[in-house]
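S.K.: Below is one structure. I have some questions about it.
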Amino acid sequence: MAAPLTHALKPVASSKKISSFHPPQRTLMGPGPSEINPRVLAQMSLPAIGYLDPVFVEMMEELKTLLRYAYQTDNALTFPVSGPGSVGMEACFVNAVSPGDKVIIGRNGVFGGRMIENVQRAGGVAVVVEDTWGEPVDPNKVEDAFKKNPDAKIFGFVHAETSTGCQSDAKTLCAISTKYGALNIVDAVTSLAGTPVLVDDWGIDAIYSGSQKCLSCTPGLSPVSFSERFVAHVKARKETVHSWFMDLNLVLNYWGNTNRTYHHTAPTNGLFALHEALLLLQEERLEGAWARHWRHHLALKAGLEAMGLTYLVKEGNRLPQMNSVYVPAGLPEGGEAQIRKTLLNDFNLEIGAGLGPLAGKIWRFGLMGYSCKAENVMLCLSALGSVMADMGVAVKIGDAEAAAHHAYAELHKQAALEMTAAKQQLAA
Ligand code: PLP
């Protein structure tokens, strides 16, 4: 017998019929998320199991091992936070910063700004080291800030600024904070698995990333890793951590090694997916993933430059996985946004716009994880050339593709020469 109906229920209020959602198949070449490897996607549709199921717990241990490889660390406390990169960022700051703590932050783009907000919301005092957007965090300025603020306890910066495509020298910056006895917090949301991130070698104390960029997993998880120094700092805090969900002392009861107990309902299928994404990284090996990002960056760069586009970031500081170029001069009003819209509507291609002071001035081309492949590079160059020509930009159709093909051919030639030399060395 059905339960008696005691209320007049409200109907689904919608002016259109709602059916199952089927997203279009897009080529994702924006600042993230990136495309997802089919092996990773398949994991999302596996049957759910309990988050304390012994089989799941075994998988969690493997996940931590694989993450240690990705981060190149022996840190015991290395695990994925349940939440996007922003939650990883907040977890680092809310655990590290007690009210009144002085924290030096290097800001050279949007995400350094978010770090400042995190410091202030945790009750800390942010000392900001400003650098121009598109330039790296300047180690000399950071050193000066430490000299002027010897009581600073923490230093934070973004390794790979997604808003500009610029990479900062994490090794040098971390060495400065260690020299002044401060803990460092590093944002590796866009760098992990795209360019080297060597947590132990570089003396990183706290680091967070995101699942949806060069790891090519579904969004919503944030791999973190903490040094023993950082864990000791959190344990020695006098004030309780202001966030219950992110308090490392509590999360450890679930992600630690022994006597796991309930903390929150882990996103089990998302974690299956991250396990697969990290397995793919282990199969390709870090060196392979870094080399792939570099190779396709060179081809994309050759094509973009052949169309007359110039990079925002100086060579040497550029991230291969995040290519920012100035939009061409002389576009009609609204032309920049119109080009992105046409790429999306006519070519199913997503690219990124500029943010903050760079809004309307740059385009950002992501080459991250599974999106980092020749077919995306060639589609992007061909589609962009065609749409720009339609808008009256002086580009010669085909030049960009030819330049990219040439770059690939040079790389293949170089690889063949290296292979022959290696074989000769083995035979000798
Ligand atoms: N930090 C950087 C450098 C990022 O690029 C992003 C997102 O793009 C974040 C933090 C925040 O990550 P999420 O959007 O996953 O919360």
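No value in this document is a laboratory result; all are computed from the given coordinates. These figures come from a predicted structure and were not determined experimentally. Cβ atoms come from the backbone with ideal geometry, glycine included; neighbour counts cover every protein chain shown.
S.K.: Please rank H406, H297, H7, fewest neighbouring Cβ atoms within 10 Å first, as an exposure proxy. Before the final figure, lay out each step's value.
M.R.: Numbers: H406 14, H297 23, H7 5.
The most exposed by this proxy come first: H7, H406, H297.
S.K.: Provide I185, I339, I116, I154 in ascending order of the number of other Cβ atoms located within 10 Å of each residue's Cβ, fewest first.
M.R.: Values: I185 30, I339 22, I116 18, I154 27.
Ascending Cβ contact count within 10 Å gives the list I116, I339, I154, I185.
S.K.: Non-local amide H neighbours of S163 (under 5 Å, H modeled in plane, Pro and chain starts lacking H): which ones?
M.R.: Correct list: V110, F111.
S.K.: On to the next question. Give a residue-ordered list of calculated ³J(HN,Hα) values for segment 300-314 (Karplus: 6.51 cos²θ - 1.76 cosθ + 1.60, θ = phi - 60°; whole Hz; x for Gly, Pro).
M.R.: Values, residue by residue: 4, 4, 4, x, 4, 5, 5, 8, x, 8, 10, 6, 6, 9, 5 Hz.
S.K.: Charges on Cβ only, +1 for Lys and Arg, -1 for Asp and Glu, centred on the Cα centroid of the chain; of S177, V393, G220, which one is farthest towards the dipole's positive end?
M.R.: Value: G220.
S.K.: Quick one: Karplus J couplings for segment 172-185, per residue in order, coefficients 6.51, -1.76, 1.60, θ = phi - 60°, nearest Hz, x for Gly and Pro?
M.R.: With the stated coefficients, segment 172-185 comes to 5, 5, 5, 4, 5, 5, 5, 4, 8, x, 9, 8, 10, 10 Hz.
S.K.: Also, quick follow-up: Given the convex hull of the Cα atoms of segment 46-111, what is a quarter of its surface area in nm²? Display every interim value, and only then the final one.
M.R.: On the way: hull surface 28.8 nm².
Answer in nm², one decimal: 7.2.
S.K.: Another question, if that's okay. For the chain, modelled as a GNM with alpha-carbon contacts under 10 angstrom, which of F245, F226, F111 fluctuates the most?
M.R.: F245
S.K.: Oh, and also: Scan around G220 for amide H atoms under 5 Å from its own, H built in the peptide plane at 1.01 Å from N, and keep only partners 5 or more places away or cross-chain.
M.R.: Under 5 Å from the amide H of G220: G85, S211, Q212.
S.K.: Further question: What ranking do 57-63, 132-138 get when scored by the average of other Cβ atoms within 10 Å per residue, highest first? List each step's numbers first, then the result.
M.R.: Details: 57-63: 14.9, 132-138: 20.6.
Going by the mean number of other Cβ atoms within 10 Å, highest first, we get 132-138, 57-63.
S.K.: So, one more: Relative contact order of segment 38-283: what whole-number percent is it, with Cα pairs under 8 angstrom and at least 6 residues apart? List each step's numbers first, then the result.
M.R.: Numbers: 476 pairs, mean separation 67.3, N = 246.
Normalised by residue count, the contact order of segment 38-283 is 27 percent.
S.K.: Ratio to report: Rg/Rh of segment 38-283, with Cα atoms as the point set and Rh obtained by the Kirkwood method; give two decimals. List each step's numbers first, then the result.
M.R.: Details: Rg = 17.4 Å, Rh = 18.1 Å.
Over the Cα atoms of segment 38-283, Rg/Rh equals 0.96.
S.K.: Next question, about the same structure. What is the local net charge at A182, summed over the other residues whose Cβ is closer than 11 Å to its Cβ (Lys, Arg +1; Asp, Glu -1)? Please report the intermediate quantities before stating the final value.
M.R.: Working: positive: K102, K153, K179, R229; negative: D101, D151, D205.
Around A182, the surrounding residues sum to +1.
S.K.: Considering Cα pairs under 8 angstrom that are at least six residues apart, work out the relative contact order of the chain and quote it in whole percent.
M.R.: On the way: 791 pairs, mean separation 89.6, N = 428.
The value is 21 percent.
S.K.: By the scheme Lys and Arg +1, Asp and Glu -1, what is the net charge of all other residues having a beta-carbon under 13 Å from that of L41? Please list the in-between numbers first.
M.R.: Values: positive: R39; negative: E35, E276.
Counting the neighbours of L41, the net charge comes to -1.
S.K.: So which aspartates and glutamates pass the test for K238, namely a Cα distance under 14 Å, with those fewer than 8 places away in the same chain ruled out?
M.R.: Of all the aspartates and glutamates, those that pass the test against K238 - Cα under 14 Å, at least 8 places apart if same chain - are D101, D247.
S.K.: Roughly how big is the chain's charge dipole about its Cα centre, with Cβ charges of +1 (Lys, Arg) and -1 (Asp, Glu), in debye to the nearest 20?
M.R.: Dipole size: approximately 580 debye.
S.K.: What is the order of K147, K153, K213, fewest Cβ neighbours within 10 Å to most?
M.R.: Working: K147 9, K153 20, K213 29.
Sorted ascending by nearby Cβ count, the order is K147, K153, K213.
S.K.: With no solvent and one point per C-alpha, what does the Debye sum give as log10 I(q)/I(0) for the chain at q = 0.08, 0.10, 0.13 Å⁻¹?
M.R.: Each listed q maps to, in turn, -0.50, -0.77, -1.17.
S.K.: Add -39500 (n - 2.57) for each DSSP H run of 4 or more in the chain, then divide by its residues: what number comes out at 222 nm, to the nearest 500 deg cm²/dmol?
M.R.: Numbers: 13 runs with 182 residues, N = 428.
Here the helix-only value at 222 nm equals -13500 deg cm²/dmol.
S.K.: Sequence-distant or interchain residues sharing an amide H contact under 5 Å with G366, placed H: which?
M.R.: HN-HN under 5 Å from G366: G30, N323, G352.
S.K.: Whole-Hz Karplus ³J(HN,Hα) for segment 210-215, in order, using 6.51 cos²θ - 1.76 cosθ + 1.60 and θ = phi - 60°, x for Gly and Pro?
M.R.: My calculation for segment 210-215 gives x, 7, 9, 10, 6, 7 Hz in order.
S.K.: Looking at segment 1-72, which trypsin sites (Lys or Arg not before Pro) are in a loop (DSSP not H, G, I, E or B) and have at most 15 other Cβ atoms within 10 Å? Don't jump to the answer; show the numbers that get you there.
M.R.: Details: sites: K16, K17, R26, R39, K64, R68; in loops: K16, K17, R26.
Those that pass, being in a loop and sparsely packed, are K16, K17, R26.
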